[in-house]
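Undergrad: First, the structure itself, so that you have it in front of you.
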Amino acid sequence: MIDVRRLTKRYGDRTAVDGLTFTVQPGQVTGFLGPNGAGKSTTMRMIIGLDRPTSGSVTVNGKRYDRHRAPLTEIGSLLEARSVHPGRSAFAHLTALAHTHGIPRRRVDEVIELAGLTSVAHKRAGAFSLGMGQRLGIAAALLGDPQIVMLDEPVNGLDPEGVLWVRTLLSGLAAEGRTVMLSSHLMSETALIADHLVVIGRGRLLADTTVDAFVQEAGGRGVRVATTEPERLRALLSGPGVAITSTTAEHLVVDGMDSRRIGALAAQHGVPLYELTPQTVSLEEAFMELTRDAVEYQSTTAATLRAA
């Protein structure tokens, strides 16, 4: 488990992380999201002791990262896949990490095979493609067989087979009861992997909730209904807590009643329906809506679209 409490990091007069509090629980994949400049990388660096907090605390399995005798066996992380000496082979890099943590040689062979690096294990890492570098970074994160895995943009540069491999891997680790924290800008992929979301903007917590609740809160509510008798249906559905709006002459959007209940009432009273569709938004749309005021680096096009 990763436990973050009132975590703050300042660089001079700039606050990169501002009083963050959240917990990454075992047994699920937690998506750690935010726009560029939100403080995600700084937070992850503080989790593994690469940056020291200005105030607040963060613990890994109940201790500060630097208090663990063999940190790689507690938390495996991938923050920068290219942080490997280019002259070393994948095998030599992983072996060096294993020696410093008392990890047996056989585990090096296991993660090389797991990451699909067997055929290039003795080639220099400096000659690796971006995707192969990512695989090596993930192999290093898994080397200590840790209970916590924290990955930043793990599918960057991977081909479709590699993306599926990462998705299956992370879901499997969570199913084993491990703690998985994933940071990514690929919302479609996050939606397929994550169970829970922690969203930050300008260093502050914006959301700490399930994926389903996050999307629903952003506007995934209401049911779109099409009928040749809209006024009759409106009269049937009207009541306390139900809001009905018209989009076209034959289309209604009903908020406050689910599609099952709408369909049952229409059938009971003989009102024909030819569309009954729950309204949803994508994770990307929900994320953009929540973070639109927390974007540090905003393109002219995005700003113009919102103004329109």
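The values are calculated or read from the model by the stated rules, or taken from the named source; none is laboratory data. Keep in mind the model is a prediction, meaning the values are calculated, not measured. Here the Cβ is made from the backbone with ideal geometry for all residues, glycine too, and neighbour counts use every protein chain on show.
Undergrad: Can you tell me which residue within the range 215-225, out of those that are surrounded by 15 or more Cβ atoms within 10 Å (Cβ to Cβ) and in a loop (DSSP other than H, G, I, E, B), is modelled with the lowest pLDDT?
TA: Per the stated criteria, the residue is G220.
Undergrad: Also, quick follow-up: Somewhere in the range 26-34, is a residue surrounded by 24 or more Cβ atoms within 10 Å (Cβ to Cβ), closer than 21 Å to M187 by Cα and either outside the structural domain of R6 (by TED's automatic domain parsing) or in contact with a Gly (Cβ under 6 Å, 6 or more places away or on another chain) (or both)?
TA: Looking through the range 26-34, at least one residue is surrounded by 24 or more Cβ atoms within 10 Å (Cβ to Cβ), closer than 21 Å to M187 by Cα and either outside the structural domain of R6 (by TED's automatic domain parsing) or in contact with a Gly (Cβ under 6 Å, 6 or more places away or on another chain) (or both).
Undergrad: Being under 17 Å from T179 (Cβ atoms), assigned to a helix (DSSP H, G or I) and of a type in the set (V, I, T) is the filter here; which residues of the range 18-66 pass it?
TA: Of everything in the range 18-66, those that are under 17 Å from T179 (Cβ atoms), assigned to a helix (DSSP H, G or I) and of a type in the set (V, I, T) turn out to be T43, I47.
Undergrad: Return the pair list, or none, for Cβ contacts closer than 8 Å from residues in the range 180-201 that are more than 15 Å from M150 (Cβ to Cβ) and without any contact (Cβ under 8 Å) to a residue 12 or more places away in the chain to residues that are among the β-branched types (V, I, T) and surrounded by fewer than 23 Cβ atoms within 10 Å (Cβ to Cβ), at least 6 apart or on different chains.
TA: none
Undergrad: Please indicate, with yes or no, whether at least one residue in the range 49-63 is free of Cβ contacts under 8 Å to residues at least 60 places away in the same chain, surrounded by 13 or more Cβ atoms within 10 Å (Cβ to Cβ) and in contact with a Phe, Trp or Tyr (Cβ under 6 Å, 6 or more places away or on another chain).
TA: yes
Undergrad: Return a yes/no flag: does the range 32-46 have any residue that is at pLDDT 95 or above and basic (K, R).
TA: Yes.
Undergrad: Additional query: Report whether or not L7 is farther than 17 Å from L182 by Cα, of a type in the set (A, V, I, L, M, F, W, C) and modelled with pLDDT of 95 or more.
TA: Yes; evaluated as a whole, the condition is true for this residue.
Residue by residue, here is whether (1) surrounded by fewer than 17 Cβ atoms within 10 Å (Cβ to Cβ); (2) within 30 Å of A194 (Cβ to Cβ); (3) free of Cβ contacts under 8 Å to residues at least 12 places away in the same chain holds:
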{"residue": "A213", "(1), (2), (3)": "yes, yes, yes"}
{"residue": "R232", "(1), (2), (3)": "yes, no, no"}
{"residue": "A235", "(1), (2), (3)": "yes, no, yes"}
{"residue": "H251", "(1), (2), (3)": "yes, no, no"}
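Undergrad: Can you report the number of residues in the range 102-127 which are farther than 26 Å from A70 by Cα and among the small types (G, A, S)?
TA: 3
Undergrad: Go through (1) within 30 Å of R292 (Cβ to Cβ); (2) without any contact (Cβ under 8 Å) to a residue 40 or more places away in the chain one by one and return the number of the condition E176 breaks.
TA: Exception for E176: condition (1).
Undergrad: Among what's in the range 185-204 and is under 26 Å from A141 (Cα atoms) and surrounded by fewer than 21 Cβ atoms within 10 Å (Cβ to Cβ), pick the residue that is modelled with the highest pLDDT.
TA: Selected residue: D195.
Undergrad: Consider the range 135-174. How many of its residues are over 17 Å from the mean Cα position of the chain (by Cα), surrounded by fewer than 19 Cβ atoms within 10 Å (Cβ to Cβ) and assigned to a helix (DSSP H, G or I)?
TA: 2
Undergrad: For F91, only one of the following conditions fails: (1) of a type outside the set (K, R); (2) in a loop (DSSP other than H, G, I, E, B); (3) in contact with a His (Cβ under 7 Å, 6 or more places away or on another chain). What is its number?
TA: (2)
Undergrad: OK, next. State which residue is farthest from the chain's Cα centre (by Cα) when the search covers only the range 192-213 and only residues that are assigned to a helix (DSSP H, G or I) and within 26 Å of M46 (Cα to Cα).
TA: Of everything passing the filter in the range 192-213, V211 is farthest from the chain's Cα centre (by Cα).
Undergrad: I want to confirm something. Restricting to the range 106-134 and keeping residues that are among the small types (G, A, S) and part of a helix (DSSP H, G or I), which single residue is nearest to L78 (Cα to Cα)?
TA: For the range 106-134, the residue satisfying everything is G133.
Undergrad: Next question. Tell me, please, whether a residue that is farther than 30 Å from P53 by Cβ and modelled with pLDDT under 95 can be found in the range 78-86.
TA: Checked the range 78-86: at least one residue is farther than 30 Å from P53 by Cβ and modelled with pLDDT under 95.
Undergrad: While we're looking at this one, here's another question. Please go through the range 251-273 and pick out each residue that is out of contact with any helix residue (DSSP H, G or I) (no Cβ under 8 Å at 6 or more places or on another chain) and either under 15 Å from R232 (Cα atoms) or not assigned by TED's automatic domain parsing to the domain that holds L236 (or both).
TA: Within the range 251-273, V253, G263, A264, A267, Q268, G270 qualify.
Undergrad: Go through the range 69-88 residue by residue and tally those that are surrounded by fewer than 17 Cβ atoms within 10 Å (Cβ to Cβ) and without any contact (Cβ under 8 Å) to a residue 60 or more places away in the chain.
TA: So the count comes out to 7.
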